[in-house]
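The values are calculated or read from the model by the stated rules, or taken from the named source; none is laboratory data. Here the structure is a predicted model, which is why all the values come from computation and not from measurement. When we count neighbours, we look across all protein chains shown, and the Cβ atoms used for this are built from the backbone with ideal geometry, even at glycine. Please note that ligands, DNA and RNA were not included when accessible areas were found on the heavy atoms of the full protein model with its side chains. Shrake-Rupley method; radii C 1.70, N 1.55, O 1.52, S 1.80 Å.
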Amino acid sequence: MRSKVMHYLSKLFSSNRKYSFCDELTGLGNIKYFHESLALHASSNKDADKLSVILINIDGFKDINNCYGYSAGNEILLEISKRIQSAINYCIHESIDEFISYNLCRVSGDEFSIAINGYDKSSFITSVMRKVSSGFKEPVATKSETLVISASIGAAEYSTQAQSKQELIKFSDMAMCNAKSSGSNQYRWFSREMETESIEKSVMISKIKKAIQENEFSLSYQPKVNCKEGGTELKEAEALIRWKTKSGEQISPAEFIPFAEKNGLSNDIGKWVFEQLCKDIKGLEDNNISNIKFSFNVSPNQLKDEVFRLFIEKMILKYKVNPNKLQMEITEHCIAEDISKTKETLLKIKKLGIEISLDDFGTEYSSLQFLSELPIDIIKIDRIFVSGCHENRKRGAIINAIVALANGLGMQSVAEGVESIQEAKFIIKSGCTQIQGFYYHKPMPLKEFVTATQ
Ligand code: C2E
Ligand code: MG
Ligand code: MG
């Protein structure tokens, strides 16, 4: 027997008003229908306690659309809506609870939601999430491609967790986002810890946005010294971002950069860094210091973004910076997803006159394919190999091998994080081109750097 609410909803969906509640592509309910159904359930005392919501978000759907086009995207959505539907029907068929009813809707481009009514809620919802998730294992065939698709799934339930319709949506969304940030292709029940995490995340996001607006960031410069000259002349430096909040708190880039990358803020920070670097270079040139080469770090999202590349071009023109005095530091994370696309982007950047440096080499993929196919000028050997290299045979051997590789490929090499004279001597003997480390110089504010160059 179906509840009065479900009866009303199915009538609504088959009425003349159908079109304003229907998703044209899949024939499922749309977001309006989803909200209507939740509002009705939540206001019905009889039904409210039995209500749960599952949100299903397709992983990386934007990239699928961009790579394979909208019509392939639509074929995928249609196929997925059918798989979700059959997963629910399978679970209902297997369940001992006769009173289960549900609404499956497409609530946004790449997101489906299921409002489920049933007595044996938790275990049933878990079984639906599991079944929906396993439904994604089979690749999806479109007219042109066969693609492996996955989804991040989250669920929350009424009364024991959410106290209102808004909370039910919010909590299932938090559970879905938690599944996504834990590596995607997973399902999760909402928990109170997710709420705390989510609040902390929003606080940090607005703190970073405010920091950009209120100019709380600055750049520090860490010189790199030429091994042959033994650190006497300063001709190169790496620009490193620093964040000091208005209340005086210093937050390390090792903390906020990965956070910004994960939460879509790295482009905003990257633009600030590059413009500030150009302003600083212009300021130096106005003071007749024009012989220094500067490197700057970019995050994977920046490298992928055509707009960021155009921004670089714009800033170079605006501040009249000589691009031959610039190096872009990328990590292997920037490359991993699509080597041919990365190559295309790097070639465009190199065409401007900017050199490419591969940062933190040895800590990620250490891919020789990247080295052989990409237009890389400099390899930066990560600090983990430099630390104690003079007394640790394996680290020493790795450094010698990377330096030999760089030499053989006609690239320069930079050893990062040199902290002692023993390490410096080992690096110099290895034939490495440059050293960057506290033994010679710590990162310093621009003014101090200017003094050090004179
Ligand atoms: P990185 O690009 O590998 O930068 C080198 C890091 O090593 C810097 O840390 C520098 O201060 C530190 N370092 C240099 N010499 C020594 C040494 O002798 N001993 C030790 N213990 N550390 C040394 P920092 O400034 O905290 O930056 C950490 C990371 O944050 C950077 O690693 C980079 O990945 C990222 N980062 C910094 N600024 C930016 C930026 O403007 N944009 C982006 N996307 N990332 C940035
Ligand atoms: Mg770097
Ligand atoms: Mg590094």
*Looking at this structure, is L78 under 24 Å from the mean Cα position of the chain (by Cα) and assigned by TED's automatic domain parsing to the domain that holds V148?*
no
*Can you name the helices (runs of 4 or more DSSP H) wholly within the range 321-428 that have at least 2 residues being under 29 Å from the mean Cα position of the chain (by Cα) and closer than 17 Å to K304 by Cα?*
332-336, 339-351
*Check the range 235-252 and report whether any residue there is under 28 Å from Q422 (Cα atoms) and more than 16 Å from ligand 2 (Cβ to nearest atom).*
yes
_Selection count, the range 348-376, where residues are open to solvent by 30 Å² or more (accessible area, probe 1.4 Å), more than 16 Å from ligand 2 (Cβ to nearest atom) and touching a Leu at 6+ places or on another chain (Cβ under 9 Å)_ = 3
*Failed condition for S299, given (1) within 16 Å of ligand 1 (Cβ to nearest atom); (2) within 20 Å of K224 (Cα to Cα); (3) touching an Asp or Glu at 6+ places or on another chain (Cβ under 7 Å)*: (2)
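Among the residues of the range 294-306, which ones are under 25 Å from A254 (Cα atoms) and away from ligand 2 (no atom under 16 Å from the Cβ)? Write out each step before concluding.
Filtering the range 294-306 for residues under 25 Å from A254 (Cα atoms) gives 294-305.
Matches in the range 294-306: N301, K304, D305.
In the range 69-77, is there at least one residue being touching a Gly at 6+ places or on another chain (Cβ under 9 Å) and open to solvent by 50 Å² or more (accessible area, probe 1.4 Å)? Outline the logic, then answer.
First, pick out the residues of the range 69-77 that are touching a Gly at 6+ places or on another chain (Cβ under 9 Å): 73, 77.
If we keep only those that are open to solvent by 50 Å² or more (accessible area, probe 1.4 Å) too, we end up with none.
Scanning the range 69-77, I find no residue that is touching a Gly at 6+ places or on another chain (Cβ under 9 Å) and open to solvent by 50 Å² or more (accessible area, probe 1.4 Å), so the answer is no.
Considering every residue within the range 51-62, establish whether at least one is in a helix (DSSP H, G or I), of a type outside the set (D, E) and at pLDDT below 90.
Initially, the range 51-62 is screened for residues in a helix (DSSP H, G or I), giving 61-62.
With of a type outside the set (D, E) added as a condition, the list becomes 61-62.
Adding the requirement that they be at pLDDT below 90 leaves 62.
Yes - at least one qualifying residue is present in the range 51-62.
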*Among all residue pairs at least 6 apart or on different chains, which show Cβ distances below 6 Å where the first residue, located in the range 382-401, is among the basic types (K, R) and the second is within 15 Å of ligand 1 (Cβ to nearest atom)?*
R383/E416; R383/G417; R395/F385; R395/C389
*List the number of the failed condition for E216; all other conditions in (1) at pLDDT 95 or above; (2) over 20 Å from the mean Cα position of the chain (by Cα); (3) open to solvent by 50 Å² or more (accessible area, probe 1.4 Å); (4) farther than 17 Å from S122 by Cβ hold.*
(3)
*Can you work out which of the residues in the range 412-454 that are more than 16 Å from ligand 2 (Cβ to nearest atom) and in contact with an Asp or Glu (Cβ under 8 Å, 6 or more places away or on another chain) is least open to solvent (accessible area, probe 1.4 Å)?*
L446
*Looking at E261, E275, E285, E255, which is the one that is away from ligand 1 (no atom under 14 Å from the Cβ), open to solvent by 40 Å² or more (accessible area, probe 1.4 Å), farther than 30 Å from S430 by Cβ and in a helix (DSSP H, G or I)?*
E285
_Hits in the range 321-370 - residues which are within 28 Å of K279 (Cα to Cα) and either β-branched (V, I, T) or not assigned by TED's automatic domain parsing to the domain that holds R383 (or both)_ = V321, I330, T331, T342, T345, I349, I354, I356
